[in-house]
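Take a look at the structure set out below.
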Amino acid sequence: MTVDRLIDGVIGREGGYTNNPADPGGATMWGITERVARANGYLGPMSEMLRDTAKDIYFEQYVRKPGFAAVMAVNENIAEELVDTGVNMGPAIAATFLQTALNAFNNQGTDYPDLKVDGDCGPATVSALNAFLVHRGHDGEIVMLRALNAQQGCRYLSIGANRPASEAFEFGWFLRRVA
C-alpha cells in the first residue's frame, strides 16, 4: 500500500462536503475541517476544496507530522488504522491508543520497555511496535488492530455519552471506523 492509497481510503470514508450542525468540527470537505484547512493555508470556500489539496493536508497533518509514516514502514495496516483514527479523533489520540496497547502487550517489560503514553509516535514507539510484531508475528498485527479498534470504539461511546448531539454519528462511526 502506498501513502496515496491510504489517504484515498480515508477520503473515501469521509466523503465530500458536509456542514452538519451536530458536528462540532463544522464545515468539512473530504474530511478536512475548516480549522485544519485554514491552519494549512487553505483560504477558499470549504465546499470548493480540491481533493489534491485535501491529500496534501492529510499527508502533512495525519501521516508525516504525527510519525505515522515511520509506522507505515513497519506495518501498513496498523499505520492505516492510526491515520484513520487520527483523522477522526486527532493524531495524538491515535498514538496514545498505540502506546497503551504496546504497554499492555510487552509482557511486563520483558519483550520491550514500557513507553511513556504521551501521544508522540516517535522512535521509541516505532521501535516497540517493531519488537512487538517481530515477537508476535502475524497474530501480533491482528491483535494490535483489535486493540486499536476496541479503544476507538470505547472513545466513540464516551463521546456520545458526554455530548448527546454526537449520538447522530455513533452508528456511522461504528459502521465505517471500528472493525
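Just so you know, all these numbers are worked out from the coordinates, no wet-lab data involved. Computed from a predicted model, the values in this text were never measured in an experiment. Quick reminder, even Gly has a Cβ in these numbers, built from the backbone with ideal geometry, and neighbours come from all protein chains shown.
Quick notes on this one:
- The H on the amide N of residue 119, modeled in the peptide plane, is under 5 Å from the matching H of 96, each at least 5 residues off or on a different chain.
- The modelled label-to-label distance for the pair residue 127/residue 161, using points 7 Å beyond Cα in the direction of Cβ, is 3.7 nm.
- Residue-by-residue Karplus 3J(HN,Hα) for region 73-85, coefficients 6.51, -1.76, 1.60, Hz, glycine and proline x: 5, 8, 7, 5, 5, 5, 4, 4, 5, 5, 5, 4, 5
- Positive end of the dipole of region 67-179 (Cβ unit charges, origin at the Cα centre): among 164, 147, 96, the Cα lying farthest that way belongs to 164.
- Relative frequency of Cα-Cα separations exceeding 14 Å in region 1-65, percent: 53 percent
- Taking Cβ atoms as reference points and 9 Å as the exclusive limit, the residues near residue 160 contribute a net charge of -1, counting Lys and Arg as +1 and Asp and Glu as -1.
- Taking every DSSP helix (H) stretch of at least 4 residues in the chain, weighting each as -39,500 (n - 2.57) and dividing the sum by the residue count yields a mean residue ellipticity at 222 nm of -20000 deg cm²/dmol.
- For the chain, the convex hull spanned by the alpha carbon atoms encloses 107 Å³ per residue.
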